[in-house]
Amino acid sequence: MVRVPAHERLELENGTTLILLPRREVPLLACQVLLRGGAGADRPRLPGVASLVAALLEKGAGRRDAYAFAEAVEGAGGSFSAAAGPEAITVRSQFMARDQGLMLELLADALRAPQLAADEFERLRDRQIEFIKAVKDSEPAELLDAYGRALLFGAHPYGRAVHGSESSLAAITPADVCDYYRTQFGADRLLLVLAGDLDLNGAEAAVRTAFSTWPRTSAPPPPLAPPPAASPRRILLVDAPGATQSHFWIGAPGVAKRYPRRAALDLVNTLFGGRFTSLLNAELRIKSGLSYGARSGFVRGSVGGDFTIRSFVETANTGQAIRLALQALERLRGEGVSGEMLQSARAYTLGQYALGLETAADWAAALAEVEFFRLGTRYIDDYAAQLAAVDPDAARAVIAEAFPDPHNTVLVVIGDAGRIGAQLESFGPMARMRLTDAQFSPEMTGDEGSP
């Protein structure tokens, strides 16, 4: 049974939350930082600023330029990375325990005194634009979430591409980056978790030295509004001329991180599309041979995130594969799952869960999540018992609540529009755009239903 190890939680006078978790099996110290705001604090028409700010945190801070910062990390055999998400900027770091002072110095410099150098900004921005173009050429499926969430959530913060689009990135200036940092970085946004070979009193004192004088921001991040409710099916066809495969994404509004039927949700999704032997994979790969794989999943945030189904298929079979996926979802909603199926999923889920909570870094990430979403330690401690209590009635309840009506989904397909457009017409009203377009949502005026 997995239980949260003994730990301490402290709040500094400036609003910083500190969690300390000793684990002395190996002489390593892991740090997980969440800075509230993330891409949700980007201006609506300028996504990508938070992502660039996060990337710049390790490109020069305090007295160290980008090279010296990287040399300090690598010279100690440590790691340091930062990235933006929809609701927070995350910093992950791991060093030998003896280098705790260096790790906290680098972290404090990165958060409190990033250089945000204009030349580093331009390199990162241009690299990200070129990366998006390269992904469109080689792995367009990696962009399905960006297209899908833009269609599903629209103007809601969850609909913004966290890493920006080619057009939004090109419009971002160094002033935008500095303005984001000035308004969104401060002690009251900071959640810091240290786990590993640490002395509680010494670690607390070191953190206070590094962060207790950091001022608060002028205002907390605004609360997220609930995303739009489900609506009748809409389709976005992203034209990739000459593509031999179609990549598709079926999405609908999901549930929040604090959804009370989490255990049943995990078991049902494992059975439907969360493992190789899932119902969805059986339909699209094992029985029909249309795809090498299909999966489903939930992304849960402070408010309801998304439920998605994704797969890929040869161009000629696009419509058939999508129809089979939607029919599998319809059968799940109509037939539910058996007790025998739930028992199989229970064993699988418990095994996977334990494997994800083995190291100090795993625990730092887990406790950061628990604190950020106000889940309480019972979120982890009671999980095994909650899984054991799920029966077919509980599964039916979660299917009715969280798994969408197939008719109230959005559908994004990246493929050769000339060959698959007619296959998709029966699924609902369709908007079109080109894969080479510099944004992730079409200009709807004049596009919807166009040939």
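Being over 30 Å from Leu387 (Cβ atoms), part of a loop (DSSP other than H, G, I, E, B) and small (Gly, Ala, Ser) is the filter here, so list the residues in the range 222-271 that pass it.
Listed by number, the residues that qualify are Ala225, Ser231, Ala240, Gly242, Ala243.
Residue count for the range 396-415 under the criterion of being buried (at least 16 other Cβ atoms within 10 Å of the Cβ) and within 11 Å of Leu329 (Cβ to Cβ): the result is 5.
Within the range 333-346, residues that are farther than 12 Å from Asp391 by Cβ have Cβ atoms under 9 Å from residues that are aromatic (Phe, Trp, Tyr) and assigned to a loop (DSSP other than H, G, I, E, B) in these pairs: Arg333/Phe403, counting only partners at least 6 apart in sequence or on another chain.
Return the residues of the range 334-367 that are part of a loop (DSSP other than H, G, I, E, B) and farther than 26 Å from Ala30 by Cα; say none if nothing qualifies. Give the derivation first.
Step one: of the range 334-367, the residues part of a loop (DSSP other than H, G, I, E, B) are 336-338, 356-359.
Those that are part of a loop (DSSP other than H, G, I, E, B) and farther than 26 Å from Ala30 by Cα: Gly336, Val337, Ser338.
Considering the range 431-446, the residues that are at pLDDT 95 or above and over 11 Å from Val238 (Cβ atoms) include one that is farthest from the chain's Cα centre (by Cα), namely Ala438. Scanning the range 14-42 for residues that are modelled with pLDDT of 95 or more and charged (D, E, K, R) gives Arg36, Asp42. Looking across Leu143, Leu151, one residue alone is assigned to a helix (DSSP H, G or I), crowded, with 16+ Cβ neighbours inside 10 Å, touching a Gly at 6+ places or on another chain (Cβ under 8 Å) and not assigned by TED's automatic domain parsing to the domain that holds Thr308. It is Leu151.
In the range 256-268, is there at least one residue being crowded, with 17+ Cβ neighbours inside 10 Å, touching a residue at least 40 places away in the same chain (Cβ under 8 Å) and either among the polar types (S, T, N, Q) or under 21 Å from Leu424 (Cβ atoms) (or both)? For the range 256-268, residues crowded, with 17+ Cβ neighbours inside 10 Å, touching a residue at least 40 places away in the same chain (Cβ under 8 Å) and either among the polar types (S, T, N, Q) or under 21 Å from Leu424 (Cβ atoms) (or both): absent.
On inspection, Arg275 fails the criterion of being over 18 Å from Asp145 (Cα atoms) and without any contact (Cβ under 8 Å) to a residue 40 or more places away in the chain.
Might you let me know whether the range 180-196 holds any residue that is within 30 Å of Asn408 (Cβ to Cβ) and either under 25 Å from the mean Cα position of the chain (by Cα) or surrounded by fewer than 19 Cβ atoms within 10 Å (Cβ to Cβ) (or both)? There is no residue in the range 180-196 that is within 30 Å of Asn408 (Cβ to Cβ) and either under 25 Å from the mean Cα position of the chain (by Cα) or surrounded by fewer than 19 Cβ atoms within 10 Å (Cβ to Cβ) (or both).
The rows are residues; the columns are (1) buried (at least 20 other Cβ atoms within 10 Å of the Cβ); (2) among the charged types (D, E, K, R); (3) under 19 Å from Arg23 (Cβ atoms).
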site: Ala83; (1), (2), (3): no, no, no
site: Ser93; (1), (2), (3): yes, no, yes
site: Arg98; (1), (2), (3): no, yes, yes
site: Leu104; (1), (2), (3): yes, no, yes
site: Leu111; (1), (2), (3): yes, no, no
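If only residues of the range 280-306 that are in contact (Cβ under 8 Å) with a residue 40 or more places away in the chain, surrounded by 21 or more Cβ atoms within 10 Å (Cβ to Cβ) and aliphatic (A, V, I, L, M) are counted, the one that is farthest from Gly334 (Cα to Cα) is Leu284.
Of the residues making up the range 342-367, those that are buried (at least 18 other Cβ atoms within 10 Å of the Cβ) and either more than 19 Å from Ser79 (Cβ to Cβ) or not small (Gly, Ala, Ser) (or both) are Leu342, Ala345, Arg346, Thr349, Trp363, Leu367. Restricted to the range 161-221, the set of helices (runs of 4 or more DSSP H) holding at least 2 residues that are within 18 Å of Leu18 (Cβ to Cβ) and small (Gly, Ala, Ser) comprises 200-211.
Tell me, please, whether a residue that is outside any helix (DSSP H, G or I), of a type outside the set (Gly, Ala, Ser) and either assigned by TED's automatic domain parsing to the domain that holds Ala150 or within 30 Å of Gly304 (Cβ to Cβ) (or both) can be found in the range 68-82. Taking every residue of the range 68-82 in turn, at least one turns out to be outside any helix (DSSP H, G or I), of a type outside the set (Gly, Ala, Ser) and either assigned by TED's automatic domain parsing to the domain that holds Ala150 or within 30 Å of Gly304 (Cβ to Cβ) (or both). Selection within the range 228-255: residues that are at pLDDT 95 or above and among the polar types (S, T, N, Q). The member of this set that is surrounded by the most Cβ atoms within 10 Å (Cβ to Cβ) is Ser246. Scanning the range 307-320 for residues that are assigned to a helix (DSSP H, G or I) and surrounded by 22 or more Cβ atoms within 10 Å (Cβ to Cβ) returns a single hit, Thr318. With respect to Leu290, determine if the residue is in a loop (DSSP other than H, G, I, E, B) and closer than 21 Å to Pro406 by Cβ. Yes; evaluated as a whole, the condition is true for this residue. Of everything listed in (1) within 30 Å of Val255 (Cβ to Cβ); (2) touching a helix residue (DSSP H, G or I) at 6+ places or on another chain (Cβ under 7 Å); (3) assigned to a helix (DSSP H, G or I), the single unmet condition for Ile129 is (1).
The values are calculated or read from the model by the stated rules, or taken from the named source; none is laboratory data. Just so we're clear, the structure is a prediction, and the values are computed from it rather than from any experiment. Here Cβ is always computed from backbone atoms with ideal geometry, including for glycine, and neighbour counts include all displayed protein chains.
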